[in-house]
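The values are calculated or read from the model by the stated rules, or taken from the named source; none is laboratory data. Owing to the predicted nature of the structure, the values given are computational and were not obtained by experimental measurement. All Cβ positions, glycine included, derive from the backbone under ideal geometry; neighbour counts span all protein chains shown.
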Amino acid sequence: MTTVIDSLAAELASIPADTPLCIGLSGGLDSVVLLHGLCQLVPHHRLRAIHINHHLSQSADLWQQHCAGLCETLAVEFVATSVDVKGVLKASGAGVEATARTLRYQSFADNLHKDELLLLAHHLDDQIETLLLRLMRGAGVRGLSSIPASRDVGEGKLLRPLLGVTREQLLNYATSNDLKWVEDDSNSDTRFDRNFCRHEILPALATRWPNYRESMSKSLQLVTEAADIVDELAAQDAASATEAGMCVVDLQFLKGLSEPRQRNALRYWLSAIAAPELGWKPLNDLISKLKSHRGAGQVLVLSSVFQLVAFKEKLHALRVLPAAKPPAEDWAMASQDVFVLPDNGELVLRASVASPRLPTVSVRYRKGGEVLKRQGRPTKSLKQIFQEAAVPPWLRDRVPLIYSAETLVCIPGFGPCVPALLHSADERFHVDIVWNQGEFNWFETSKSD
């Protein structure tokens with residue numbers, strides 16, 4: 001059987017010899033074995049350990065002290081940091097385990113140096129426990145696949161070099177090397193799902209199927225391969241269906257796919273644009289709504305910050321925007337080429353000939369019943385203009401309307417202002433007003449946050 005040191009050596013063989021290594025050190029059996037094993041294989045100057053104190057146990061500070069003492073004995077640099085799990089729980093209402101995990105990985109990301117490799121001590125039994133828990137939650141092939149052996153974290157990368165090692169092997173290594181570790185009292189509390197799997201389900205499986213780890217490891221590998229293939233197909237479908245910087249999906253293309261492929265492509269697309277994740281039921285509801293979509297603007301998914309809107313034959317991923325508020329002051333066009341709109345971009349004046357007689361105008365937004373008189377053209381209602389121009393519904397209340405006194409004289413992007421109202425007899429003189437919109441697309445905004 002492969003030993004702990006053999007597994008570590010094999011994982012480290014492909015890593016450049018000058019790569020700095022950081023060990024996530026909880027003080028428990030797994031991470032203590034990982035730290036000790038690494039000290040046998042790499043120079044100590046390449047190593048440092050980071051301990052995340054969750055302050056969830058009365059013994060939390062003692063565990064931190066134990067980690068500090070162990071690192072001092074092994075001549076390894078030690079760093080400790082804290083996360084406020086209880087404070088976040090009060091605000092979010094999420095579960096303890098999930099919240100602690102999220103904060104822990106965020107802390108790793110914040111503390112990892114550029115190009116540093118973060119090593120974590122997840123092992124084969126962790127893989128199997130995770131598989132069982134996700135089965136109970138109805139996960140798909142990606143959720144059921146293996147814990148990833150590596151991924152990016154902050155400015156560095158994460159590696160789990162012990163995924164092929166069992167908990168029993170780790171215990172044997174620790175015992176033979178006379179290692180000391182801390183035990184979290186909560187690890188024996190079977191009210192927690194993972195502990196129930198560890199102490200109740202897996203021992204029962206071992207009684208009936210002693211080699212269950214080998215069988216489940218094979219299944220994990222096959223599921224992971226299937227998930228990779230599914231992702232490859234989803235990436236191809238999403239690439240064919242999306243446009244406008246990945247923010248827009250072509251519904252005609254999407255509807256040409258089978259429903260499983262539609263769900264697969266949408267799931268992949270939402271993940272790619274860093275949108276809030278949709279669960280199984282919301283995703284199926286979205287597919288049903290798309291079936292009955294007839295072109296009118298329709299909000300299909302809505303959260304406090306994100307929305308999916310179907311319009312014509314496109315599905316748009318958008319921010320949820322505050323209502324546009326009319327500017328508090330009028331626009332003195334003679335002295336201001338640029339006029340800022342609160343939470344709605346800006347207006348830019350482009351005049352063909354300089355004129356001191358440009359008026360002061362007001363900028364308003366649609367209330368209903370507006371009409372525009374355009375030179376040489378019939379008067380049209382604002383509603384007609386927007387419908388003919390296929391202005392998307394999320395923009396209709398945000399298009400700035402330029403008024404001279406109480407007369408609507410210009411809609412940026414829908415023709416020039418009425419010359420007579422601009423007080424110029426010069427035939428060479430015309431004015432164009434450009435609306436530089438704010439960013440409404442979700443993906444572009446999320447990339448800059």
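Can you pull out the residues in the range 304-337 that are hydroxyl-bearing (Ser, Thr, Tyr) and in the same structural domain as Pro276 (by TED's automatic domain parsing)?
Scanning the range 304-337 gives a single hit, Ser304.
Just one of (1) surrounded by 14 or more Cβ atoms within 10 Å (Cβ to Cβ); (2) closer than 18 Å to Val399 by Cβ; (3) in contact (Cβ under 8 Å) with a residue 60 or more places away in the chain; (4) not β-branched (Val, Ile, Thr) trips up Arg364, so point out which.
All conditions are met except number (3).
Can you confirm whether Ala174 is surrounded by 15 or more Cβ atoms within 10 Å (Cβ to Cβ) and under 23 Å from the mean Cα position of the chain (by Cα)?
In short, no.
Within the range 1-32, count every residue that is surrounded by fewer than 13 Cβ atoms within 10 Å (Cβ to Cβ) and assigned to a loop (DSSP other than H, G, I, E, B).
Of the residues in that region, 7 qualify.
Assuming Ala328 fulfils every condition listed in (1) in a loop (DSSP other than H, G, I, E, B); (2) in contact (Cβ under 8 Å) with a residue 24 or more places away in the chain; (3) not basic (Lys, Arg) apart from one, which condition is it?
The failed condition is (2).
What about Val353, is it farther than 20 Å from Lys325 by Cα, modelled with pLDDT under 85 and in contact with a Phe, Trp or Tyr (Cβ under 6 Å, 6 or more places away or on another chain)?
Here the answer is yes, as Val353 does meet what is asked.
Take the range 236-253 and flag every residue that is surrounded by 15 or more Cβ atoms within 10 Å (Cβ to Cβ) and closer than 11 Å to His316 by Cα.
Correct list: Thr242, Met246, Cys247, Val248, Val249, Asp250, Leu251.
State all residues of the range 209-251 that are over 20 Å from Thr130 (Cα atoms) and of a type in the set (Lys, Arg); if no residue qualifies, say none.
Passing the criteria: none in range.
Here is a yes/no grid of residues against (1) over 15 Å from Asp30 (Cβ atoms); (2) without any contact (Cβ under 8 Å) to a residue 24 or more places away in the chain; (3) of a type in the set (Lys, Arg):
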| position | (1), (2), (3) |
| --- | --- |
| Ala100 | yes, no, no |
| Arg104 | no, no, yes |
| Ser107 | yes, no, no |
| Asp110 | yes, no, no |
| His113 | yes, no, no |
| Leu117 | yes, no, no |
| Leu120 | no, no, no |
| Gln127 | no, no, no |
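Restrict the check to the range 243-250 and report whether at least one residue is out of contact with any Gly (no Cβ under 6 Å at 6 or more places or on another chain) and in a helix (DSSP H, G or I).
There is no residue in the range 243-250 that is out of contact with any Gly (no Cβ under 6 Å at 6 or more places or on another chain) and in a helix (DSSP H, G or I).
With respect to Ala94, determine if the residue is at pLDDT below 95 and either in contact with a strand residue (DSSP E or B) (Cβ under 6 Å, 6 or more places away or on another chain) or in a strand (DSSP E or B) (or both).
no
Check Ser219 against each of (1) within 21 Å of Gly295 (Cβ to Cβ); (2) out of contact with any Lys or Arg (no Cβ under 7 Å at 6 or more places or on another chain); (3) not hydrophobic (A, V, I, L, M, F, W, C) and name the one condition it does not meet.
It is condition (1) that Ser219 fails.
Could you tell me which residue of the range 251-266 is nearest to Gly279 (Cα to Cα), considering only residues that are in a helix (DSSP H, G or I) and of a type in the set (A, V, I, L, M)?
So, considering only residues that are in a helix (DSSP H, G or I) and of a type in the set (A, V, I, L, M), the one nearest to Gly279 (Cα to Cα) is Leu266.
Given the criteria surrounded by 17 or more Cβ atoms within 10 Å (Cβ to Cβ) and touching a residue at least 40 places away in the same chain (Cβ under 8 Å), does Ile50 qualify?
So Ile50 passes the test.
Are any residues in the range 290-323 assigned to a helix (DSSP H, G or I) and surrounded by 15 or more Cβ atoms within 10 Å (Cβ to Cβ), and if so, which ones?
The answer is Leu290, and nothing else.
Assess whether Phe196 counts as being at pLDDT below 90, under 29 Å from Phe108 (Cα atoms) and of a type in the set (A, V, I, L, M, F, W, C).
It is false that Phe196 is at pLDDT below 90, under 29 Å from Phe108 (Cα atoms) and of a type in the set (A, V, I, L, M, F, W, C).
Taking the range 33-45 on its own, how many of its residues are crowded, with 19+ Cβ neighbours inside 10 Å and without any contact (Cβ under 8 Å) to a residue 40 or more places away in the chain?
0
May I ask you to list the residues in the range 238-265 that are closer than 17 Å to Gly140 by Cα and in contact (Cβ under 8 Å) with a residue 24 or more places away in the chain?
Glu259, Arg261, Gln262, Arg263, Asn264, Ala265
Which of the residues that make up the range 108-142 are surrounded by fewer than 20 Cβ atoms within 10 Å (Cβ to Cβ), touching a strand residue (DSSP E or B) at 6+ places or on another chain (Cβ under 9 Å) and of a type in the set (A, V, I, L, M, F, W, C)?
Ala109
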